[in-house]
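The structure appears right after this line, and notes come after that.
The values are calculated or read from the model by the stated rules, or taken from the named source; none is laboratory data. For clarity, every value in this text was computed on a predicted model and none was experimentally measured. Quick note on the areas: whole protein, heavy atoms, side chains included, nothing else; ligands and nucleic acids left out. Shrake-Rupley method; radii C 1.70, N 1.55, O 1.52, S 1.80 Å.
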Amino acid sequence: MWKLPAFFANIVLLNVSNPPFRLQKLKEMFISKFGSAPKFYVRAPGRVNLIGEHIDYCGYAVLPMAIEQDILMAVEPVKTKVVQLANTNSLYLDFSTSVNNIQIDKTKPQWHNYFLCGLKGIQEHFGLNNPTGMNCLLDGTIPPSSGLSSSSALVCCAGLVTLRANGKTLSKMELAEICTKSERYIGTEGGGMDQSISFLAEEGTAKLIEFSPLRATDVRLPSGAAFVIANSCVEMNKAATSHYNIRVMECRLATKLLSKSKGLDWKTMLRLHDVQTKLGVSLEEMLTIVEEVLHPEPYSTEEICKCLGISLEELRSQILSQNTQDVSTFKLYQRAKHVYSEAARVLEFKKICNKAPANAIQLLGELMNQSYISCREMYECSCPELDRLVDICLQFGAIGSRLTGAGWGGCTVSMVPTDKLNTFIKNVRKAYYQTDVQRLALENNSLFATKPGRGALVFVEA
């Protein structure tokens with residue numbers, strides 16, 4: 001019998017005489033690869049963020065749900081002090097390393113480095129001096145670099161694998177926080193949404209994820225609408241490009257300038273949420289303050305230094321991250337405007353879901369559309385393909401459509417009336433995928449309706 005260990009709340013029992021085909025296939029491949037059977041299996045899902053883009057690292061709540069696509073890993077703890085990693089996809093090469101010498105190459109965000117992030121995070125949390133070696137075989141169904149959190153799902157999977165292999169236990173909240181911190185080993189300054197929903201998700205409900213402290217609240221989505229994910233087929237890797245980390249830094253610099261203008265201790269302020277909290281004002285009032293304090297023209301590093309009364313050397317050593325040292329201009333007004341307005345849209349989205357008025361689907365769609373416009377114009381994280389895909393989705397019946405994930409490629413998420421779903425998918429497939437040879441090749445895994453799925457799981461064979 002397959003079962004879930006007791007330190008997770010969602011107990012799943014699967015009949016060993018008829019295990020899921022994918023688990024059985026993974027077990028057979030594992031035996032073929034390593035010559036012995038796996039002792040347990042770990043699954044971590046991808047996610048789609050319905051609304052709340054680029055605001056988790058600013059301290060604001062987001063509204064994602066887990067999806068069916070996931071990272072599934074078969075694992076065997078071994079007596080040697082070596083981790084051997086293999087992937088069912090031959091495009092991803094095997095990798096092995098000593099568990100006592102974890103080296104993560106930030107310059108090359110290869111798949112195994114994300115596993116090493118989760119491994120290192122658990123090792124450091126428990127101060128493991130004699131960690132267990134492991135053989136691991138991974139099977140992933142989340143399209144890579146698509147904005148559906150394949151990288152974070154792998155980090156979460158690795159953290160859970162390491163936890164189980166070393167006989168340790170943690171709460172889901174603790175796991176989410178550790179995996180959020182450990183993904184930064186690869187150079188991504190994320191805010192915690194992806195890891196949180198991967199562990200805290202529950203079937204049938206989206207979640208409002210809040211931070212400091214981390215907490216998750218159920219959000220019941222309207223029954224008359226389906227959420228459809230469409231992949232633009234433009235890949236974007238957060239750790240391999242500078243766009244994402246520059247946005248993080250622009251928000252941090254906006255935080256500093258807004259704080260100083262209001263007489264706050266700007267040196268200790270890191271997130272835009274902190275400014276609002278210290279001032280004790282509403283999000284609408286913060287938008288007014290942004291208009292008063294910041295200008296739309298890009299800020300040079302020299303102007304930022306003048307505003308803060310610091311030298312260029314102090315700016316680089318005390319504020320800028322390692323991978324933004326050479327950036328010469330920053331857009332602070334636009335980024336702060338997006339963050340505060342998007343944070344308000346998240347709260348309004350949840351409020352509408354809770355009250356469920358007769359026109360809820362229309363109201364939620366309008367919020368999604370506003371979010372997309374802000375992402376495109378104020379945060380500048382869209383791309384021509386995403387713009388085209390959103391236009392097509394709205395043209396063929398979506399009530400709301402927006403990019404999801406970091407942007408600059410990846411996926412859109414659209415809210416579609418359930419009675420129009422089949423026609424919608426047929427028309428989008430024809431208009432976006434069947435007009436391009438490369439997209440046509442990826443079509444089968446690029447366009448699908450989804451519903452809220454469950455979070456990370458551990459399966460063991462009883």
Can you give the calculated 222 nm mean residue ellipticity of the chain, where each DSSP H run of n ≥ 4 adds -39,500 (n - 2.57) and the sum is split over every residue, rounded to the nearest 500 deg cm²/dmol? -12500 deg cm²/dmol
Per residue and in Å³, how big is the convex hull formed by the alpha-carbon atoms of segment 174-219? 65 Å³
From zero up to wherever the largest Cα-Cα distance of the chain sits, split into 20 Å bins and tell me the percent of pairs in each. 25, 55, 20, 0
Cα centroids of segment 374-397 and segment 416-462: how far apart, whole angstrom? 18 Å
Debye log10 I(q)/I(0) for segment 301-449, one point scatterer per Cα, at q = 0.11, 0.15 Å⁻¹: -0.58, -0.86
Given a 1.4 angstrom probe, what's the average accessible area per residue across segment 189-248, in square angstrom? 34 Å²
C-alpha long axis of helix 21-34 to longest principal axis of the chain, angle in °: 70 degrees
What accessible area per residue comes out for segment 10-132, rounded to a whole number of Å², with a 1.4 Å probe? 45 Å²
Angle check, please: helix 332-355 long axis (alpha carbons) against the longest principal axis of the chain (alpha carbons), in degrees 0 to 90, nearest 10. 60 degrees
From largest accessible area down, sort 433, 333; use a 1.4 Å probe on the protein chains. 333, 433
Please determine, in degrees from 0 to 90 and to the nearest 10, the orientation of helix 243-261 with respect to the longest principal axis defined by the Cα atoms of the chain, where the helix direction is its Cα long axis. 40 degrees
Just by accessible area at a 1.4 angstrom probe, what is the order of 34, 115 from largest to smallest? 34, 115
Can you give me the solvent accessible area of residue 177 with a 1.4 Å probe, rounded to the nearest 10 Å²? 90 Å²
